[in-house]
Amino acid sequence: MNDVLPNGGLIRKLWIGEAERYREHLLRLDPVSRRNRFAGTVSDDFLRRYADLSVGLDSVIHGFFVDGALRGAAELKPIGQPLPHEAEVAFSIEKPWQSHGVGSALLERTLLAARNRGLKFLHMACLADNKRMLELARKFEAELSFDFSSVVGEVRTPRATPLSVMREILADSHGFATAMLDVQSRLLRPV
Ligand SMILES: CC(C)(COP(=O)(O)OP(=O)(O)OC[C@H]1O[C@@H](n2cnc3c(N)ncnc32)[C@H](O)[C@@H]1OP(=O)(O)O)[C@@H](O)C(=O)NCCC(=O)NCCS
């Protein structure tokens, strides 16, 4: 939780109403990162629709912000109804912020959110040549199963405890305070 993040960045959850920020972030991904994130080629239009649908549904999205701009995200998407026990996790970090520990910090926060929601298995799918993602999955002791062109990492989360719930609440209250400061500073910016 006390991750040292590059460029004074911070991690907080995205709130409903921040779809535009998510959309702009996804559109800024370089072609390789975009391909890796979506396991293939996707159009700008696809990304616009994807961002609109993702924010505010069942997903929990943690964002990595630098100077108010969203530069990285981890999406936790529960699978199955009505009480899902599994979820998919997917990451997108803009190129200049890759390999600086942001993915590791986002995964840590995502695991905590999953644990507190009773999501016991997390699936992380990636292309087989995505070394960074594979290393990230290995680092968190994911069981990897290899397919022809893709790999699925599976991480088990521990049971929620009052302490784990408290850790998430504390992180959220800090995230809320910084989000409010960010809104204020954007409102006060000269036009
Ligand atoms: C894959 C991704 C999430 C990894 O996040 P990251 O912030 O770049 O990774 P981290 O800095 O936390 O590094 C995680 C581990 O990967 C390994 N790693 C880091 N940089 C690496 C590199 N250039 N080559 C190989 N392995 C690397 C290290 O083992 C590292 O752990 P360590 O620093 O404790 O040794 C990020 O690069 C990304 O979003 N890429 C584009 C989209 C994508 O590939 N999404 C994944 C599929 S959903």
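The values are calculated or read from the model by the stated rules, or taken from the named source; none is laboratory data. Source: prediction; values computed, not measured. Using ideal geometry, Cβ is built from the backbone for each residue, glycine included, and neighbour counts are taken over all protein chains shown. In case anyone asks, the SASA skips ligands and DNA or RNA and just uses the protein heavy atoms, side chains included. Shrake-Rupley method; radii C 1.70, N 1.55, O 1.52, S 1.80 Å.
At-a-glance table
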item: Residue list for region 20-49, filter: open to solvent by less than 20 Å² (accessible area, probe 1.4 Å) and part of a helix (DSSP H, G or I); result: Y22, H25, L26, S33, L47
item: Residues satisfying the stated conditions in region 65-99, i.e. closer than 19 Å to F38 by Cβ, open to solvent by 40 Å² or more (accessible area, probe 1.4 Å) and in a strand (DSSP E or B); result: R71, K77, I79, E88
item: Residue in region 121-135 that is away from the ligand (no atom under 16 Å from the Cβ) and open to solvent by less than 60 Å² (accessible area, probe 1.4 Å) present; result: yes
item: Residue match in region 92-115 (condition: touching a residue at least 60 places away in the same chain (Cβ under 8 Å) and of a type in the set (V, I, T)); result: yes
item: Any hit, region 97-118, residues being more than 25 Å from P6 (Cβ to Cβ), away from the ligand (no atom under 11 Å from the Cβ) and at pLDDT below 90; result: no
